[in-house]
Amino acid sequence: MKKITIAIDGFSSTGKSTIAKQLAKTLEYIYVDTGAMYRAVTLYALRKKYIDATDFSINALVEDLDNIHLNFMYNESLGFAEMYLNGENVESEIRTLRVSDYVSKVAAVPEVRYQLVKQQQKMGEDKGIVMDGRDIGTVVFPDAELKLFMTASPEKRAMRRYKELIDKGDAVKYEDVLRNVQNRDYIDSHREDSPLRQAEGAVAIDNSDMGLKEQFERILNLVNRTINI
C-alpha cells in the first residue's frame, strides 16, 4: 500500500493531535506534533526569561536557537512520543496554560518558524507521516496528498481545554481559558509569517458538534480514498 503525507492544520483545541495520533496508530505512520515543538521553544524562552507579560526579547531568543535541541521519544506505556527539550522530558510542562499564553507569540518569530520547519520537512521526506500544526498544509507540506483543516467554535474549544486542564489538576477558570483561545486565534491568524489559514485543497472539518468516533470514521474514509486514488 502506498504511503502518503497527511497534513492537519487548524485552530487550537480542535483535537488535531488526537485525530493525528489515531490516524498514525491505525495506519502505522509516524506522528509529529509540531505544536509540541513550538511549546518547547516557548518553555525554553520562559525559563531563560526572554519573554514575560510585559516584554519579549526576540533577539536574545533568536541568538540562542542553536542551543535548543528538540526530539521526540516514543513512550510505549502511553502509546505516543513525548517531547524532549535538551534531553529533558517536558511533555507535561509544555501543556500548561502558562506556556499556552505565550506560544503564539514565540511561534510568530520568523527565525523560530524557519528553524522548526526545516526539521519538520526533514522528518517527512519518506512520507508515511501525519503532522499537525498551523502551517503544515500551507508551508511545511503544501504538496501533501491529504490536507485537513480543523475548526470549532471558540466556546466549544475552550470548554474542551478547560476540562483537560481540570482533569490534570490545574486550577484554572473557564473564562481565562476562553480568553487564551481567542487571543491565540487572533495571533495565529494575523501573524505576518505563515498565518493560520485553510490550505488550498484542504478539507474543512468542523467538529463543534461531532463526536470523536464520527470524526475519526469520516477522516479515515478520506484517507482511504486518497490512498486508493
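The values are calculated or read from the model by the stated rules, or taken from the named source; none is laboratory data. None of the values given here were measured: they were computed from a predicted structure. Here Cβ is always computed from backbone atoms with ideal geometry, including for glycine, and neighbour counts include all displayed protein chains. The protein model used for the area step is the full one, side chains on, heavy atoms only, and it has no ligands, DNA or RNA in it. Shrake-Rupley method; radii C 1.70, N 1.55, O 1.52, S 1.80 Å.
Values as computed for the structure displayed
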| quantity | calculated |
| --- | --- |
| Derived scalar couplings ³J(HN,Hα) [region 11-19; Karplus, 6.51 cos²θ - 1.76 cosθ + 1.60; whole Hz; x for Gly, Pro] | 6, 5, 6, 9, x, 4, 5, 4, 5 |
| Degrees, to the nearest 10: 110-123 long Cα axis against longest axis of the chain | 40 degrees |
| Shape category assigned to region 99-229 from the gyration tensor of Cα positions, a/c cut at 1.5 | oblate |
| Accessible area per residue, Å², the chain with all protein chains present, probe 1.4 Å | 51 Å² |
| Region 90-103 - phi-based ³J(HN,Hα) in whole Hz, Karplus 6.51/-1.76/1.60, Gly and Pro as x | 10, 3, 6, 5, 6, 8, 6, 5, 4, 5, 4, 5, 10, 4 |
| Among F80, N67, L43 the positive-end extreme of the charge dipole of region 30-84 (Cβ point charges) | L43 |
| Probe 1.4 Å - accessible area at F72, Å² to nearest ten | 50 Å² |
| ³J(HN,Hα) computed for each position of region 210-223 - Karplus, 6.51 cos²θ - 1.76 cosθ + 1.60, integer Hz, glycine/proline x | 10, x, 4, 5, 4, 4, 4, 5, 5, 6, 5, 4, 5, 4 |
| With all protein chains modelled, accessible area of D66 [1.4 Å, Å²] | 120 Å² |
| In range of the label at V172: residues from region 134-155 whose backbone nitrogen is under 15 Å from the point 7 Å along Cα→Cβ | 154-155 |
| For Rg and Dmax of the Cα atoms in Å, calculated from these coordinates, the label among [x] 17.5, 56; [y] 16.9, 52; [z] 16.4, 49 | [y] |
| Solvent-accessible ranking of R39, R95, largest area first, probe 1.4 Å | R95, R39 |
| Difference of contour (0.36 nm per residue) and Cα-Cα distance, N89 to S57 | 9.0 nm |
| Size of electric dipole in the chain: Cβ of Lys, Arg +1 and of Asp, Glu -1, about Cα centre, debye, nearest 20 | 400 debye |
| Residues with amide H under 5 Å from that of E82, placed H, sequence gap 5 or more | M73, Y74, N75 |
| About the Cα centre, charge dipole magnitude for region 31-84 (Lys/Arg +1, Asp/Glu -1 at Cβ), debye | 120 debye |
| Heavy-atom SASA rank of K213, K105 (probe 1.4 Å, accessible area, largest first) | K213, K105 |
| Built amide H within the under 5 Å cut-off of M150, gap 5+ | D9, G10, F11, I205 |
| Accessible-area composition of the chain, carbon plus sulfur, in percent [1.4 Å probe] | 49 percent |
| K25/K156 FRET efficiency (R0 25 Å; Cβ-Cβ; nearest 0.05) | 0.50 |
| Per-pair calculated FRET efficiency, R0 = 25 Å: E111 and R47 via Cβ, rounded to 0.05 | 0.85 |
| Potential extension, S77-K127 segment - 0.36 nm per residue separation minus Cα distance | 15.4 nm |
